[in-house]
Amino acid sequence: ITPLYDGRPFEAAALAALLDGRAPQLALRIGRHVHPVGTPAVETPRVALHGLDNVLSRIAEALRRVVSGALPERTAVTGPMAGMPGAGRAAHFLLSTLTSKAARRIARLARRAAPVWQVAVRTLHDGPSLRDGAPFDPARYQRLPDDGRRYYADPFLIRHDGRTWLFVEEYPYATGKGIISAAPLGPDGRPETPRPVLETDSHLSYPHLFHHEGALWMIPESEQANEVALYRCVRFPDRWEKAAVLIPDLRASDATVMRDETGRFWMFATTRPDGWASSWDALSLFMADDLTGPWVPHPSNPVLLDAAAARPGGAMFRRAGRWWRPVQDSRAGYGVALALYRIDALAPDRFAQTLTRHIDPRPLQGLHTLNVAGGFEAVDVFDKPPGR
């Protein structure tokens, strides 16, 4: 069994891709067959060895699947694989290629700055949603201002008692821990200043909201607590009780739930088996007959390893009799762009989706959440470095 990085063995090939600012394509050569694994995400591109940890963790997961017999054959090859260097050639590759790539990488990183997220809202009275093919025009959105001591991200919208409310992750820099905050929207989409509605001992974000059986529910991301938890609203908007731990002992990001035509619940989330893999690239599915569980993992988990098509970017929605999902495209970094995928197959023995639209954030630098409700559309964007 030989791990391959962009078709080459040896970790030097993985490092070469990382120093180019991208993740390598992963595969396993087993005998005379090549099994594509996917495209991992690299969460800390400034640290090459941390990025290598992300990559090798996904290779280790693929090897575990080989041992359990869960990795299917994909592509047969009939001759020696191109670019299979011996130890001497690998050493030469490492010395001659990585040195120049490292120098270019250092120069690029010196010009980069971390993003500051902002939530932006627009009314749909003046045109269709991004879901319906509208072009992204940041001038049409009203941004939620902050005081420079926090940022807002992960917007979700919910209709309650005749008003549309905005729920967000609020991240105060002083605490370094996210909480969930909420604010009502005015008729023009202008939100009031959000106020905290849910805080725990661990970081919270991505307040996925939905109605079910006459109640309002929330599944905030609580990956730091190593669980997927369900909260029920007992007084809107600021009293929430923990109704159930849907999945314990799981590092899951941006869990998003839908209910299909048969009544079965499905949960989409990116997962990582350890603290080294990325949280952006491996899509896992879980299913249940009841919202509170028990939740059963899909036998093919992770059903997808692809930094461009895995991590949820908002609530799923119905269109033309099919389910669609916003997805974060993290190939060039976290939250750089959004995409819309149509779900073509969703069953205990299969999963398939098709890219229908890529949403480029330009002239901004990032766009990674999209939600629509009550005649409004909410996104989060970044276009400024910190230290405004």
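The values are calculated or read from the model by the stated rules, or taken from the named source; none is laboratory data. What you see is a predicted model, and the numbers here were worked out from it, not measured in a lab. Reconstructed Cβ throughout: ideal geometry from the backbone, glycine too, with neighbour counts over all protein chains shown. Just the protein is used for accessible areas: all its heavy atoms, side chains included, with ligands, DNA and RNA removed. Shrake-Rupley method; radii C 1.70, N 1.55, O 1.52, S 1.80 Å.
What are the semi-axes of the equivalent ellipsoid of the stretch 234-318, taken as the square roots of 5 times the eigenvalues of the Cα gyration tensor, listed largest first and rounded to whole Å? Walk me through the numbers on the way to the answer.
Working: eigenvalues 99, 52, 39 Å².
Taking √(5λ) for each eigenvalue gives 22, 16, 14 Å, largest first.
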Next item on the list: Would you mind getting me the FRET efficiency between Ile1 and Asp360? Use the beta-carbon distance for r and R0 = 56 Å, nearest 0.05.
Entry: 0.90
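Rounded to the nearest 0.05, what FRET efficiency is calculated for Asp147 and Val47 with R0 set to 30 Å and r the Cβ-Cβ distance?
On the way: r = 31 Å, r/R0 = 1.03.
My answer for the efficiency is 0.45.
Taking the Cα centre of the stretch 171-253 as origin, sum charge times position over the Cβ atoms of Lys and Arg (+1) and Asp and Glu (-1), and report the length of that vector in debye to the nearest 20.
On the way: 8 positive and 11 negative charges, 34 e Å.
Roughly 160 debye for the stretch 171-253.
How large is the helix-only mean residue ellipticity at 222 nm for the chain, computed as the sum of -39500 (n - 2.57) over DSSP H runs with n ≥ 4, divided by its residue count, in deg cm²/dmol to the nearest 500?
So the helix-based figure for the chain works out to -4500 deg cm²/dmol.
If you wrap the stretch 187-344's Cα atoms in a convex hull and average its projection over all directions, what's the area in nm²?
Mean projected area of the Cα convex hull: 11.0 nm².
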Notebook entry, point to check: Can you give the convex hull volume of the alpha carbon atoms of the chain per residue, in Å³?
Noted result: 149 Å³
Item checked: Descending principal axes extents, the stretch 120-266, alpha-carbon based, whole Å -> 46, 43, 29
Item checked: Dipole axis of the stretch 1-70 (+1 Lys, Arg; -1 Asp, Glu on Cβ), positive-most option in Val37, Phe10, Ser57 -> Val37
Notebook entry, point to check: What accessible area per residue, rounded to a whole number of Å², is obtained for the chain using a probe radius of 1.4 Å?
Noted result: 44 Å²
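Run the numbers for Asp137 and Arg195: contour at 0.36 nm per residue of separation, minus the present Cα-Cα distance, in nm.
Values: separation 58, 0.36 × 58 = 20.88 nm, distance 2.79 nm.
My answer for the length gained is 18.1 nm.
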Notebook entry, point to check: Say a site is exposed when it is one of the GluC sites (Glu not before Pro), sits in a DSSP loop, and has at most 16 other Cβ atoms within 10 Å; what is then the longest site-free stretch of the chain?
Noted result: 262-388
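Express in nm, to one decimal, how much length is gained between Asp289 and His211 on full extension, taking 0.36 nm for each residue of separation and deducting their alpha carbon distance.
Values: separation 78, 0.36 × 78 = 28.08 nm, distance 1.64 nm.
Going from the current span to full extension adds 26.4 nm.
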